[in-house]
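The values are calculated or read from the model by the stated rules, or taken from the named source; none is laboratory data. The shown structure was predicted, so the numbers you read here are calculated from the model rather than taken from an experiment. Because the Cβ atoms are built from the backbone with ideal geometry, glycine has one as well, and the counts that use them run over all protein chains shown. We work out accessible area using only protein heavy atoms, side chains counted, and drop any ligands, DNA or RNA first. Shrake-Rupley method; radii C 1.70, N 1.55, O 1.52, S 1.80 Å.
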Amino acid sequence: MTTPGKVGLVGSGLVGKSWAMIFASVGYEVWMYDIKQEQLDKAVSDIGLEVEKFEKEGTLRGTLPAHQQKTLIHVTTDLKECITGAVYIQESVPEDLELKKKIWTEIDGLVDSAKMILASSTSCIVPSLISKDLRHREQFIVAHPVNPPYHAPMTELVPAPWTNEFTQTEARTLMTRVGQVPVSLSRELPGFVLNRMQYALLNECWRLLANKVVSVDDLDVVMRDGLGLRYAFMGPMETIHLNAPNGAAQYCQTYGNTIYKVSQDLGPVPEAWKMETDEHKKEVEEITKQLETLYPPKDLDERKLRRDTCLAALAKLKRGLPK
Ligand code: NAI
């Protein structure tokens, strides 16, 4: 089979495995590297089971059958074998700056083309911190997916100040080609975009819970059976544009002052996130207690499976709907 190229994946945990399946789904030759052979063996076995399950359920990505996708995935404990000749590298090692800098120094020494895209899956580390001392830092970019990447295709592309134009546009083209939905940032900033939005929401959730305005379950209903239903199909900006007969300007005219006034009532960032004092810990315990009553620790794996099954079904539904 002719392939569109070779990709090198560094790290074969939760995110590394997803990238392997995503690239293989459209025919890329995938080389996955890890320090532990057992981890690679487990990754191959997990991927095999998953693609077959997804094929049966109709949620397999790409056009190739599962058995062909599997044959495109190779594993190695030799970093050189993973990197040499690849058009794209995606690093997904644990979220630890020193570890990422170490592995990137090793990768940097193996880069054999000025066109090789060097991407990290990091959730929270800004790209300049990882790449500042690399020889090929102009080719470095963050490509941050969201969990589970196979069924939730958004990927944030975050450049460092020195990332070149080619890397930014080519990473975007490549993500689109493999079925991801890229979001390009013009510059790096803490939390990128997804986590800034998520944290803004979480802060208000926390204030409402800590002030005993609503229970954990009812608060989740607001998203699960309210806002979230819309947000699965359109973003908050299209939402406001559609929520007034003549679009966003009219929406702001009608609701702008209310939004401004209510926003002033929102309050500061909850201190409890820091988990420093007994008071912080007590606040966390009270909210956790409610969560554990609803979802006991013994049921968490089952709930995670349910989450991924629901997301797979939603992804399938969205693929069949008009854009
Ligand atoms: P994980 O812990 O599941 O996998 C990490 C993998 O890296 C393991 O296979 C481990 O053996 C391997 N590894 C450790 N040291 C290594 C080294 N020196 N060289 C090569 N491989 C090494 O971690 P996960 O969840 O896959 O996260 C990876 C990255 O993706 C992190 O930066 C994380 O922030 C980011 N991310 C995670 C998401 C999630 O929901 N788990 C979502 C989006 C991004």
statement: Rounded to the nearest 0.05, FRET efficiency between L99 and K274 (Cβ-Cβ, R0 22 Å) equals 0.35
task: Compare the peptides 99-106, 275-282, 167-174 by average per-residue count of other Cβ atoms within 10 angstrom and give them in order, highest first.
output: 167-174, 99-106, 275-282
statement: Placing each pseudo-label 7 Å from Cα in the direction of the beta carbon, K80 and Y199 end up separated by a distance in nanometres of 4.2
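With +1 on the Cβ of every Lys and Arg and -1 on the Cβ of every Asp and Glu, and nothing else charged, how large is the dipole of segment 78-230 about its Cα centre, in debye rounded to the nearest 20?
Details: 16 positive and 20 negative charges, 71 e Å.
I would put it at about 340 debye.
Take peptides 260-268, 69-77, 226-234 and line them up by average Cβ neighbours within 10 Å, highest first, as a rough protection proxy. Don't skip to the answer; put the middle values down first.
Numbers: 260-268: 9.4, 69-77: 18.6, 226-234: 11.9.
Result, highest mean Cβ count within 10 Å first: 69-77, 226-234, 260-268.
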task: Specify the angular offset, from 0 to 90 degrees and rounded to the nearest 10, of the alpha carbon long axis of helix 194-210 from the longest principal axis of the alpha carbons in the chain.
output: 30
- prompt: Cα extents of segment 6-184 along the three principal axes, largest first, in whole Å?
  reply: 46, 32, 27
- request: Take the solvent-accessible surface of the protein heavy atoms, probe 1.4 Å, and return the percent of it on segment 6-184 that carbon and sulfur atoms account for.
  value: 56
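Quick one: which of 137-147, 50-60, 192-202 comes out on top by average Cβ neighbours within 10 Å, and what's the full order, highest first?
Result, highest mean Cβ count within 10 Å first: 137-147, 50-60, 192-202.
Of all beta bridges DSSP finds with both residues in segment 6-184, what is the antiparallel percent, to the nearest 5? Numbers along the way, then the final one.
Values: 5 of 29 bridges.
In segment 6-184, approximately 15 percent of DSSP beta bridges are antiparallel ones.
Please report, in debye to the nearest 20, how large the charge dipole of segment 244-311 is about its Cα centre when each Lys and Arg carries +1 at its beta carbon and each Asp and Glu carries -1 there.
Numbers: 10 positive and 13 negative charges, 72 e Å.
Roughly 340 debye for segment 244-311.
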statement: In Å³ per residue, the alpha-carbon convex hull of segment 41-124 encloses 132
field: Share of Cα-Cα pairs in segment 126-199 lying beyond 17 Å, as whole percent
entry: 43
- request: Measure off 7 Å from each Cα along the Cα-to-Cβ vector at H67 and M234, then give the distance between these two points in nanometres to one decimal.
  value: 4.5
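Roughly how big is the chain's charge dipole about its Cα centre, with Cβ charges of +1 (Lys, Arg) and -1 (Asp, Glu), in debye to the nearest 20? Working shown, then result.
Working: 38 positive and 43 negative charges, 188 e Å.
I would put it at about 900 debye.
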field: 0 to 90° range, to nearest 10: angle between helix 248-264 axis and the chain longest Cα axis
entry: 70
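Could you check how many percent of all C-alpha pairs in segment 185-323 are farther apart than 23 Å?
That fraction is 53 percent.
What number in nm² do you get for the chain if you take the convex hull of its Cα atoms and divide its surface by four?
Values: hull surface 77.3 nm².
Over all viewing directions, the chain projects a mean Cα-hull area of 19.3 nm².
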statement: Under the 7 Å Cα-to-Cβ spin-label approximation, M1 and E55 lie apart by a distance in nanometres of 1.0
query: By its C-alpha gyration tensor, with a ≥ b ≥ c as the square roots of the eigenvalues, how is segment 209-273 shaped: rounded for a/c under 1.5, else prolate for a/b larger than b/c, else oblate?
result: oblate
